[in-house]
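For reference, the structure is listed below as structure tokens.
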Amino acid sequence: MTLVRTEVSGAVARITLDDPGRRNILSGPLVAELTAAFDDVEGRGDVTAVVLTGAGPAFCAGADLADLLAGADGDPGPVRRVYGGFDRVRRSPLVTIAAVNGPAVGAGLNLALVCDLRIAATSAWFDCRFLGIGLHPGGGHLRMLQRLLGAQTAAAMVFAGRRLDAAAAHAVGLVLDVVADDELPPAADDLAARIARAPRELVLATKRSLYEEADLPAEAAMDLEERRQMWSLELPSTAQRLRALARR
């Protein structure tokens, strides 16, 4: 792979978009490598959390203009391929952390939004950009933005072009933490390592529940959690932890 780098340390993988000369845009080749990278780390069976970041000054500057121009000529294939890049991250069963090292724009903002957690460097900023270049938002952008930030902040970003710097993104809940640029890699790695301390199968099951319960009524959510909690009580690692607690 030449546009995406993957490093694995224990139960944590780091996937880096590595096309800094093009600001890590979601070109066809980069999307193909990003998909392959997630296929690989998920297939290992020992990775629990993934840190996704960008090389160079940008996290991801969005779609390739060539793909948008193809859409203007009536071919939806390239645009759908862009969607496929961030949707592959959304569909990952692993816990995903966007370490946003710089601008996240348009489809690049989508790439951050689909992650379970986001940490930003102080130089990061977030910009919808769609209407500014004559595009309707795409890829589920409005749904994700509104669910995460509420209707008013989403409307300001989409309609008025309000760009959020790292501090503003933290204030509205778009990112969990803001750290100095040089502290972003270790901060993201530390968060991923804390997630990976729990048994992998338990973390992955809990992620499924987190999203499955979002639209369930209370009774159905309680039923789902009861089934999965009883399952977790049968895990050998859980029995060991409970016995240790009882001894203390």
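The values are calculated or read from the model by the stated rules, or taken from the named source; none is laboratory data. These numbers were taken from a predicted model, which means no experiment stands behind them. Note that we place each Cβ from the backbone using ideal geometry, even for glycine, and neighbour counts take in every protein chain shown. These accessible areas exclude ligands, DNA and RNA; they are computed on the full protein's heavy atoms, side chains included. Shrake-Rupley method; radii C 1.70, N 1.55, O 1.52, S 1.80 Å.
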(request) Pop out the Kirkwood hydrodynamic radius of the chain from its pairwise C-alpha distances, inverse of mean 1/r, in Å to one decimal. (result) 19.0
(request) Give me the percent of DSSP beta bridges within the chain that run antiparallel, rounded to the nearest 5. (result) 25
(request) Compute the Rg to Rh ratio over the range 115-248 from the alpha carbon atoms, using the Kirkwood formula for Rh, and round to two decimal places. (result) 1.09
(request) Using only Cα positions of the range 73-126, each an equal point scatterer, no hydration layer, compute I(q)/I(0) via Debye at q = 0.12, 0.14, 0.17 Å⁻¹ and quote the log10 values to two decimals. (result) -0.31, -0.41, -0.56
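Could you tally the net charge around Arg44, taking each other residue with its Cβ under 13 Å from the Cβ of Arg44, Lys/Arg +1 and Asp/Glu -1? Walk me through the intermediate numbers first.
Working: positive: Arg200; negative: Glu7, Asp39, Asp40, Glu42, Asp46.
Spelling it out: positives minus negatives among the neighbours equals -4.
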(message) Once ligands and nucleic acids are excluded and a 1.4 Å probe is used, how much of Ser237 is accessible, expressed in Å² to the nearest 10?
(response) 30
(message) Given a 1.4 angstrom probe, what's the average accessible area per residue across the chain, in square angstrom?
(response) 50
(message) Please list 3J(HN,Hα) in residue order for the range 227-241, calculated via the Karplus relation 6.51 cos²θ - 1.76 cosθ + 1.60 where θ = phi - 60°; whole Hz, with x for glycine and proline.
(response) 4, 7, 5, 5, 4, 5, 5, 8, 6, x, 5, 5, 4, 4, 5
(request) Name the residue farthest towards the positive end of the dipole of the chain from the options Ala205, Gln229, Gly102, assuming +1 on Cβ of Lys and Arg, -1 on Cβ of Asp and Glu, about the Cα centre. (result) Gln229
(message) Around Ile97, under 10 Å between beta carbons, what's the net of Lys plus Arg minus Asp minus Glu among the other residues?
(response) 0
(request) Would you grab the residues whose amide H sits under 5 Å from the one on Val4? Only those 5+ places off in sequence or on another chain, please, with H modelled 1.01 Å from N. (result) Asp18
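In the chain, what percent of the accessible surface is made up of carbon and sulfur (1.4 Å probe, ligands and nucleic acids excluded)? Show your work: numbers first, answer last.
On the way: 6740 of 12370 Å².
Looking at the chain in its full context, I get 54 percent from C and S.
For every helix of n ≥ 4 consecutive DSSP H residues, a contribution of -39,500 (n - 2.57) applies; sum these over the chain, divide by its total residues, and give [θ] at 222 nm rounded to the nearest 500 deg cm²/dmol. Let's see the in-between values first.
Numbers: 11 runs with 123 residues, N = 248.
Using -39500 (n - 2.57) per qualifying helix, the result is -15000 deg cm²/dmol.
With Cβ to Cβ distances under 14 Å as the rule, what net charge do the other residues near Ala169 carry (K, R +1; D, E -1)? Write out the running numbers ahead of the final one.
Details: positive: Arg118, Arg162, Arg163; negative: Asp127, Asp165, Asp177.
It works out to a net charge of 0.
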(request) Would you please state the base-10 log of I(q)/I(0) at q = 0.24, 0.25, 0.27 1/Å for the range 48-91, with intensities from the Debye formula using one equal scatterer on every alpha carbon? (result) -0.90, -0.93, -0.98
(message) How large is the accessible surface of Leu224 in square angstrom, using a 1.4 angstrom probe and rounding to the nearest 10?
(response) 10
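Which semi-axes, in whole Å and largest first, does the equivalent ellipsoid of the range 176-237 have when worked out from the alpha carbon gyration tensor as the square roots of 5 times its eigenvalues?
Working: eigenvalues 182, 58, 7 Å².
Gyration-tensor ellipsoid for the range 176-237: 30, 17, 6 Å.
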